[in-house]
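For reference, the structure discussed in these notes is given below.
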Amino acid sequence: GVGAARAGNLTFMVGGVEQEFDAAKELLTCMGSNVVYCGEVGTGQAAKICNNMLLAISMIGTAEAMNLGIR
């Protein structure tokens, strides 16, 4: 989120040619504290989608538990 971006605590999940990742890693570490090489082109995006899906599942579960508790 915005707070993590301002604090420089972002996580970058990067896919692409490993030599190009190595060249860009120094720049990415200026903006985030976690820089992870995920493999070929597109794998970083796939990892981000999986991460977002897990977050959504967790949020849905929390909302359902709150709804049940209120009832």
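The values are calculated or read from the model by the stated rules, or taken from the named source; none is laboratory data. Computed from a predicted model, the values in this text were never measured in an experiment. To get the accessible areas, we keep the full protein, side chains included, count just its heavy atoms, and leave off ligands, DNA and RNA. Shrake-Rupley method; radii C 1.70, N 1.55, O 1.52, S 1.80 Å.
Annotations
- Acute angle (nearest 10 degrees) that the helix 18-31 long axis makes with the longest principal axis of the chain, alpha-carbon atoms: 60
- Computed per residue of the chain from DSSP H runs no shorter than four, each worth -39500 (n - 2.57), the mean residue ellipticity at 222 nm is -22500 deg cm²/dmol.
- Protein heavy-atom accessible surface, 1.4 Å probe, per residue over the chain: 77 Å².
- The chain: radius of gyration over Cα atoms, expressed as a fraction of 2.2 N^0.38 Å: 1.47
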